[in-house]
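Throughout, read-outs are computed from the coordinates displayed, never taken from laboratory work. Since we're looking at a predicted model, the values are computed, not measured. As a convention, Cβ positions derive from the backbone with ideal geometry for all residues, glycine included, and neighbour counts pool all protein chains shown.
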Amino acid sequence: MRRRRFLAAAGSTAALSTAGCLGLSAGADDWDVGMTAEAFRPSEFTTTVGEEVVWENTSSRAHTVTAYEDTLPDGAAFFATGDFESESAARDAWDGSQGAITSGQRFSHTFEVAGEYSYFCVPHEKAGMVGTVVVEE
Ligand SMILES: [Cu+2]
């Protein structure tokens, strides 16, 4: 989504950082992956190494973005809303709000290793709320 890069460049450079949960309110259409009640949209997103991917909770429900740890490419960093260090920590901590991003909040992750990354939403995994980020060289 090239448009986001242009907006990010033209807008406030302070708005986006490498921090995990940015907590910005919905504003410019400068995110890559949105969310519905039980799905990531798009469910598959392609980017390139070193690019920041931004998720925004465009729904009214609380969600998480949590990597499937066992499927990470070799050498790739684990990522999750709530800054958990592992998938099991994120699952264990879930109580309805721990690690969640709520409506209008954002989460970002910069992918430094090429490959395919699968992730899910802790409370809605069983409903099929899973996604993939494909990171190309
Ligand atoms: Cu969810």
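Among the residues of the stretch 60-76, which ones are within 10 Å of the ligand (Cβ to nearest atom) and small (Gly, Ala, Ser)?
If the condition is that a residue be within 10 Å of the ligand (Cβ to nearest atom) and small (Gly, Ala, Ser), then Ala62 is the only one that fits.
Could you count how many residues in the stretch 83-99 are crowded, with 21+ Cβ neighbours inside 10 Å and of a type in the set (Gly, Ala, Ser)?
2
Mind listing just one residue for me: the one in the stretch 83-137 that is away from the ligand (no atom under 15 Å from the Cβ), in contact (Cβ under 8 Å) with a residue 24 or more places away in the chain and in a loop (DSSP other than H, G, I, E, B) and, of those, farthest from Thr66 (Cα to Cα)?
Looking at the filtered set, the residue picked out is Glu137.
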